[in-house]
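The values are calculated or read from the model by the stated rules, or taken from the named source; none is laboratory data. The shown structure was predicted, so the numbers you read here are calculated from the model rather than taken from an experiment. Every residue, glycine as well, gets a Cβ built from its backbone with ideal geometry; the counts of neighbours run over all protein chains shown.
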Amino acid sequence: MALEIGRRLVHASGAVVPGAYLLDARLLETGVLTWSVVQGLAAVGLLVAATLEVARLYGGLEHTVYDRLTREYEHDTVAGYALYALGGTITVVAFGPTVAVPALFMLTLGDPISGLLSTGGLRPIARPRVLVGMFLACLFFALPFVPPPIAVAGALAATVADGVKPTLRGYVVDDNLTIPLLAAAAMQAALSLG
């Protein structure tokens, strides 16, 4: 259980960047942490994650952190943290902050909440309490940024991304990649519809 909590805390630490962006944009108004800076930080983070994954998978890089924070099924495949970095980077590059920030909070904070509600086993469709918990958490994180119908669209998309585990060629599609992308796309589509 301690390792699971450690994973959840590392996951939640990703909320620092969008949180700092909001602090600067809405409160401090220094203009230091602009959306372009957030995009640059995400790109650097993705580059670091990709480099570490190549070194881990093909260069024999071993570290205690990998042993403690990666799941057994990730030992021979791309680990969730790299997909987290990829999903977050695509989200901040493809979408503006209005939808990208809540989508990132859905990934960084909503997904760990969902994980704490689950029993830990990989299921094709999550249990109802996990789906409801994820939806409510994501709705909570979206409402400060977008109107309620838009927040509902994003929360539903994030809940589906988190709660349904499709398999592609024997590989389970990781929700670290899909949560921010689907949530941001759903919110952007809902905004476009008016």
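Scanning the range 155-182 for residues being under 20 Å from Arg127 (Cα atoms) and either part of a helix (DSSP H, G or I) or of a type outside the set (Ser, Thr, Tyr) (or both) gives a total of 19. In the range 164-178, the residue that is modelled with the highest pLDDT out of those that are charged (D, E, K, R) and under 14 Å from Val78 (Cα atoms) is Asp175. Can you tell me how many residues within the range 157-194 are under 13 Å from Ala103 (Cβ atoms) and hydroxyl-bearing (Ser, Thr, Tyr)? The number of residues fulfilling the criteria is 2. Would you confirm, using the coordinates I've provided, whether Pro149 is touching a residue at least 24 places away in the same chain (Cβ under 8 Å) and farther than 28 Å from Ala49 by Cβ? Yes; evaluated as a whole, the condition is true for this residue.
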